[in-house]
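Working notes for the structure below.
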Amino acid sequence: MSRLGNLGARLYRGEVGYDFIGKRKIWYGVSILITITAILGLAVSGLNMGIEFKGGAVFTTDSKAQVSVSQAHEDAVEASGHEAIVQELGNGGLRIQITEVDTQKADEIKAQLSQDLGIPEAEINADLVGPSWGEQIANKAWAGLGIFMVLVVVYLAIAFEWRMAVAALIALIHDITITVGVYALVGFEVTPGTVIGLLTILGYSLYDTVVVFDSLKEGQKGITKQTRWTYSEIANRSINSTLVRSINTTVVALLPVAGLLFIGGGVLGAGMLNDISLSLFVGLAAGAYSSIFIATPLVADLKEREPQMKALKKRILAKRAAAAAKGESVEDERDDRAQDLDDDTEHAGAVVGQRREAGGHGRTPRNRR
């Protein structure tokens with residue numbers, strides 16, 4: 001078995017682990033800081049909306065221009081008075097995109113570009129894009145996002161419980177805010193491809209969260225009938241048992257997206273790939289982070305506010321304190337606790353920091369120090 005596979009097996013059995021839930025205030029602080037940064041970037045810089053949302057003109061040439069891309073950019077800005085996006089096409093031609101120009105202005109720009117680029121005006125194609133089309137796309141995207149959120153909350157409330165639904169919703173909002181904030185800070189153009197990328201990452205983020213929730217649902221069966229583990233400890237074990245799976249799926253998903261973003265968009269200069277690849281890359285990373293560090297700790301916080309969970313935690317801590325005062329070992333307490341959670345041992349397992357004893361038939365030490 002590989003080293004990573006061996007680690008995953010030990011995490012699943014509860015032999016090793018990391019206290020994610022115990023350090024949840026750190027994760028909350030990091031997320032709040034990142035979210036505030038994203039909101040400030042959005043408020044200060046704003047989003048660089050593409051031509052599909054602002055409207056404008058797109059000029060394409062079939063023949064190779066007599067100037068470089070950088071020079072064509074300067075000519076386009078000078079001719080239009082607006083910022084322009086210039087891309088070199090595979091046939092050597094150029095694609096010049098200028099926002100917020102009308103038909104009359106587009107004709108003037110086309111004539112000026114013909115002179116500056118050294119290309120006959122008849123060989124320059126001009127296409128006008130109205131802002132109404134982009135507005136329709138944006139409205140449909142918002143409607144789709146709203147419907148998706150409602151369905152997610154309803155499904156999780158039915159399949160799991162309302163606390164998990166609330167935690168998953170907060171995690172999704174967290175992912176969207178960070179992704180949109182990164183777009184504002186980086187200045188990448190927002191296009192329909194960006195909207196598609198945003199909607200795509202929601203599904204991935206939800207999938208990763210549901211995997212942990214499913215493990216938590218199994219682990220909490222019969223929790224009030226035992227005095228071994230608190231809800232937070234079972235939630236922590238659920239994260240650890242699915243940790244390697246989350247890492248593997250995230251890395252596998254990020255590798256091709258990173259290729260699109262850094263190689264396709266950065267090295268090869270395929271700018272049209274940036275709009276969707278950046279949203280996917282940031283969203284996938286944020287989704288994996290939120291499912292581990294945000295969603296499950298939030299569930300534990302909400303759950304442990306219940307009177308039953310408070311009473312359970314009080315009993316467990318009192319029992320551990322009494323055992324520690326008496327100096328009882330695990331073996332001394334084994335007979336008294338032999339009947340606790342016999343049907344749920346496979347689900348609840350060990351808690352972070354505990355190890356199974358050799359010859360203990362898979363049982364977990366019952367007192368923590």
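Observations on the structure shown:
- Against the conditions (1) in a helix (DSSP H, G or I); (2) open to solvent by less than 60 Å² (accessible area, probe 1.4 Å); (3) touching a residue at least 24 places away in the same chain (Cβ under 8 Å), Arg95 satisfies every one except (1).
- Checking region 270-283 against the condition returns no match, with no residue being at pLDDT below 85, in a helix (DSSP H, G or I), open to solvent by 20 Å² or more (accessible area, probe 1.4 Å) and over 19 Å from Thr194 (Cβ atoms).
- With respect to (1) modelled with pLDDT under 90; (2) open to solvent by 10 Å² or more (accessible area, probe 1.4 Å), the lone exception for Leu312 is condition (2).
- Pick from region 31-70, criterion open to solvent by 50 Å² or more (accessible area, probe 1.4 Å) and assigned to a loop (DSSP other than H, G, I, E, B), ranking: farthest from Val180 (Cα to Cα): Gln66
- If you filter region 102-131 down to residues that are in a helix (DSSP H, G or I) and in contact (Cβ under 8 Å) with a residue 60 or more places away in the chain, you find that the one that is surrounded by the fewest Cβ atoms within 10 Å (Cβ to Cβ) is Glu123.
- Identity of the residue in region 82-92, in contact (Cβ under 8 Å) with a residue 40 or more places away in the chain and in contact with a helix residue (DSSP H, G or I) (Cβ under 6 Å, 6 or more places away or on another chain), that ends up farthest from Asp62 (Cα to Cα): Gln87
- Within region 107-127, not a single residue is under 23 Å from Lys217 (Cβ atoms) and out of contact with any Phe, Trp or Tyr (no Cβ under 9 Å at 6 or more places or on another chain).
- Top-ranked residue in region 71-91 [being within 22 Å of Asn274 (Cα to Cα), surrounded by fewer than 14 Cβ atoms within 10 Å (Cβ to Cβ) and out of contact with any Asp or Glu (no Cβ under 9 Å at 6 or more places or on another chain); ranked as modelled with the lowest pLDDT]: Gly90
- Within region 32-53, the set of residues being closer than 17 Å to Ser290 by Cα and of a type in the set (S, T, N, Q) comprises Thr35, Thr37.
- Residues that are of a type in the set (Ser, Thr, Tyr), crowded, with 24+ Cβ neighbours inside 10 Å and outside any helix (DSSP H, G or I), drawn from region 226-241: none
- Criterion: in contact with a strand residue (DSSP E or B) (Cβ under 8 Å, 6 or more places away or on another chain) and either closer than 27 Å to Ser45 by Cα or of a type in the set (A, V, I, L, M, F, W, C) (or both) - qualifying residue of Ile124, Ile158: Ile124
- Looking only at residues in region 177-221 that are within 13 Å of Ser279 (Cα to Cα) and not in a helix (DSSP H, G or I), the one that is most open to solvent (accessible area, probe 1.4 Å) is Phe188.
The values are calculated or read from the model by the stated rules, or taken from the named source; none is laboratory data. Just so you know, these numbers come straight off a predicted model, no measurement behind them. When we count neighbours, we look across all protein chains shown, and the Cβ atoms used for this are built from the backbone with ideal geometry, even at glycine. Calculation scope for accessible area: heavy atoms of the full protein, side chains included, ligands and nucleic acids excluded. Shrake-Rupley method; radii C 1.70, N 1.55, O 1.52, S 1.80 Å.
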